[in-house]
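Participant: This is the structure I want to talk about, given as structure tokens.
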């Protein structure tokens, strides 16, 4: 009777060992796909582009581990370069260097047509004659506060003559130029000459001259008509000109 029990138990032990073996084989086959399924995302070398890199099967990723360099053999083999994909993020264009003013000599430069002369406080008729003959005239009598674009009270007669000229010539377009001398800080002259030309232009517009007929341009100290080494020459160089625009 004992022998019969042993012979009955032998087939059950075999089946149990077979089942254990199959279970282990199944687990062993499932581990690599599970490892391959795990991945993480990083940004490598490209702006606003995410690249998903799979983990190596059986390797545990550490939070302190470093990614391979973008130009390393591992990255090149995993992600070969494409002709349509830039490998290097372009650098921003360098900022332009600030414009520097070149020192200008105090000597009066030569001009083929010559510089216009300042004949004092103009009249509408004198402005008309000069602009019709040469297309340019110095508007004498216009002055400003020191290092300022505020028109002085003594400028009123000259401004009135300009206003009358515009009313008598409704179709004429004029460029108003502001000029400075070389006294003081010449680096301020571009902005100062522009502000002074704007002041004359604004004065005329406020009294009815169409803004489309007027342009204001700051000429800095680039076009003197007298010697800047003397006070009299500097006074002549601080001027406003009218230039006829075709």
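What follows is calculated from the coordinates using simple rules that are stated; it is not laboratory data. Treat the numbers as computed from the prediction; the structure is a model and nothing was measured. Virtual Cβ from ideal backbone geometry, glycine too; neighbours counted across all protein chains shown.
Participant: Could you give the distance between the Cα centres of segment 155-175 and segment 195-210, to the whole Å?
Facilitator: 10 Å
Participant: While we're here: In what order do 201, 207 fall by count of nearby beta-carbon atoms within 10 Å, going from fewest to most?
Facilitator: 207, 201
Participant: Could you rank the peptides 160-170, 208-218 by their average count of other C-beta atoms within 10 Å per residue, with the highest value first? Let's see the in-between values first.
Facilitator: Values: 160-170: 16.7, 208-218: 15.0.
In decreasing order of mean packing, 160-170, 208-218 become 160-170, 208-218.
Participant: Here is a further query. Sequence gap at least 6, Cα distance under 8 Å: using those rules, report the relative contact order of segment 124-245 to the nearest whole percent.
Facilitator: 35 percent
Participant: Which value, to two decimals, describes the C-alpha radius of gyration of segment 124-245 once divided by 2.2 N^0.38 Å?
Facilitator: For segment 124-245, the normalised Cα radius of gyration comes out at 1.01.
Participant: In nm, what is the difference between 0.36 nm times the number of residues separating residue 152 and residue 18 and their Cα-Cα distance?
Facilitator: 37.0 nm
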